Each structure stands twice: as C-alpha cells, then as structure tokens.
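Remarks on the structure that follows.
The values are calculated or read from the model by the stated rules, or taken from the named source; none is laboratory data. Keep in mind that what you see is a predicted model, and the values were worked out from it rather than measured. Here Cβ is always computed from backbone atoms with ideal geometry, including for glycine, and neighbour counts include all displayed protein chains.
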C-alpha cells in the first residue's frame, strides 16, 4: 500500500533550478496526498523583495541580474512564479494564495533584519550585479553605484542609514486533493 499524506509542505524547493520539471514534481506531490489532503507550496519570493529603499531603479536591475545569475530567466511554464498553475495542472482544487509580507528595519545593529541583509541579501545583490549586470543591461555607472551602496567599507553604504528596511512578500500557495 502506498502511503498517503494529509499535508505536504514544500518550502522554497519547487524551483526550475532545483527540478527540471517543477510542474511534474507538483503532480507527484499531489498524487501522494490522501483524499482531502492539502499541498502547500511556500515561496519566500526573494526576487520580488525590496532591500534597497530609495534605489528602486537600481534594485530592479540588480534583481534582473540576480535572476540571470541563478538561471531564472526563462519565461515558460517552468518559470519560478508558476506555483498556482502547477497546482491547477496537478488537479488540485480550492487553490489559493496568501501573502505574508515580512517587513523589518535595520535600526538596531544586532537585529535579525540587519544580519540577514548584511550576511545574505546585499552580498548576493553585489555578486549578481558583478556577475551578470552587464549582460542584463546595467551600465558602468550603475555597477559603480552598486559597489558604493553595497560595500560595507563605503561611507555611502546603504546599511549606514538606520531606517533602511526590507520587505519580502512571501507567498503560500495551497490546493486540496478532493478526489480519491
């Protein structure tokens, strides 16, 4: 007998860079559900976050460079924003999406938001601009600005502004298996 599950939770794992056919993985997960079971696909939605307040044009260009660096530039059925479509194609019912925005400032030097931005987000943004910025249309002036803003040793480092903030619109897609 094949085990069936009442709930399957997949957090930031159903991505085209992890699986060649993420929609096929969602089908397999849906088939492992018991009748009435729920499949939950959580996505931190990192590529849609805000982490350079006051520099939205530059941030959009860096996000494009980041998507390019991570290999997320396809515009097809395997695109990383297709969770709802994958649930529907898997035959799931009562499909819904909820947004859980995470917002935090860097007011205190030891804050979790500051550690996250300094340890993960800003270095990744700096790397993406350096690795793929030119390929995605950034000009030399843009790349210089990224270096100044994201270099912890710079007097213009974005982290020196105590009210710098981050907003992540995390997403939770759910669907239920209603048939047997």
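For this structure, a couple of remarks:
- Just so you know, in region 136-171 the residues that are modelled with pLDDT of 95 or more and not in a helix (DSSP H, G or I) include one that is surrounded by the most Cβ atoms within 10 Å (Cβ to Cβ), and it is 138.
- Residue ID - farthest from residue 83 (Cα to Cα), chosen from residues in region 98-135 that are at pLDDT 90 or above and outside any helix (DSSP H, G or I): 134
- Each residue in region 74-97 was checked for being modelled with pLDDT of 80 or more, at negative phi and either assigned to a helix (DSSP H, G or I) or in contact with a strand residue (DSSP E or B) (Cβ under 9 Å, 6 or more places away or on another chain) (or both), and 14 pass.
- Cβ-Cβ distances below 6 Å connect the following pairs, each with a first residue in region 31-60 that is touching a residue at least 40 places away in the same chain (Cβ under 8 Å) and on the phi < 0 side of the Ramachandran plot, a second residue that is surrounded by fewer than 16 Cβ atoms within 10 Å (Cβ to Cβ) and assigned to a loop (DSSP other than H, G, I, E, B), and a separation of six or more residues or different chains: 34/4; 35/180; 44/12.
- Taken as a whole, region 26-44 holds no residue that is within 30 Å of residue 104 (Cα to Cα), out of contact with any strand residue (DSSP E or B) (no Cβ under 8 Å at 6 or more places or on another chain) and in a loop (DSSP other than H, G, I, E, B).
- Scanning region 30-49 for residues that are modelled with pLDDT under 95 and buried (at least 16 other Cβ atoms within 10 Å of the Cβ), we see that the one that is farthest from residue 115 (Cα to Cα) is 42.
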